[in-house]
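Only one structure is covered here, and it is reproduced in the block below.
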Amino acid sequence: MSAEQEHITPLATAAVDHPTSDEKDPSITTPTPPSSRRRRRRRCLICCGSCTALVVVIAIVLVIITVTVYKVKEPVMTMNSVSIKNLNLSLGSSLNINMTVVADVSVKNPNAAFFRFGESTTALYYRAREVGVAYGPPGTAGARKTFRINVTIDVMADRLLSDPSVIGDLAAGKLDVTTSTKVGGRAKIFLIIKRHVDVMMNCSMTMAVSNQSILAQSCNQRVWL
């Protein structure tokens, strides 16, 4: 072997970097352990179940309150007074009569929710013949409050005098008449639940012709919920 060959030093092998056990290759995704997925699924189920249970409880509470505290009760209609105004009889070539009937009606709302009433209708009958009708304005009766209705009925003389019995009743000094008052309303509970109510009151009364007073009166009411 020559001297030149003895002094040749072999090239060092290029060092190759290999990741140590403490370093992770970013291209490799570590799979999520099954136990972690089960925990997340369990938490989702618990959250959904809690929300559903809360909604059910709220719905049950609302139903209980609606059928107990806010149960719709029948309004009570009362005829406070009826009076005759401007009664005028004239005997000329024929009998003429002018008469106005004033009715004071109240509707009591016994409910914990307010009632909104529409226009009321009050009709006056003589021997089953309608001789006058009047309309009252709409209004609102608050919770456990009373709504007043005042109506003035102008009697239609031609209809009244068309009945032959009226002359004998006037001569006897009294008239038997009937009033019928009807009003419809709607109750709102929690501003969502609506309940329609119709109230009708019929009153039979005997009117004195001489002093324009009410001699006898009897009333009854009907309610449609």
Could you give me the ³J(HN,Hα) list for region 84-89, computed from phi with Karplus coefficients 6.51, -1.76, 1.60 and θ = phi - 60°, whole Hz, x at Gly and Pro? 9, 10, 6, 6, 9, 10
By counting other Cβ atoms within 10 Å of each Cβ, how are V166, V101 ranked from fewest to most? V166, V101
Order these by the 10 Å Cβ neighbour count, fewest first: C48, C219. C48, C219
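Any idea what % of Cα-Cα pairs in region 76-224 are farther than 21 Å?
Roughly 46 percent, rounded to a whole number.
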Where in region 102-199 are there trypsin sites (Lys or Arg not before Pro) that are in a DSSP coil and have at most 16 other Cβ atoms within 10 angstrom of their Cβ? R127, R144, K145
Sites V57 and N80, calculated FRET efficiency, Cβ-Cβ separation with R0 41 Å, nearest 0.05: 0.35
Residue by residue through region 45-57, the couplings from Karplus 6.51 cos²θ - 1.76 cosθ + 1.60 with θ = phi - 60°, in Hz, x for Gly and Pro, are 4, 5, 5, 5, x, 5, 5, 5, 5, 5, 4, 5, 5
Just how far, in whole angstrom, is region 130-167 from region 168-218 if you go by their alpha carbon centroids? 8 Å
If I take R0 = 35 Å and measure r between the Cβ atoms of D158 and L225 in this structure, what FRET efficiency does the formula 1/(1 + (r/R0)^6) give, to the nearest 0.05? 0.35
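Rule-based calculations on the coordinates, nothing more; no lab input. Keep in mind that what you see is a predicted model, and the values were worked out from it rather than measured. Cβ coordinates were reconstructed from backbone atoms using ideal geometry, including for glycine residues, and neighbour counts include every protein chain displayed.
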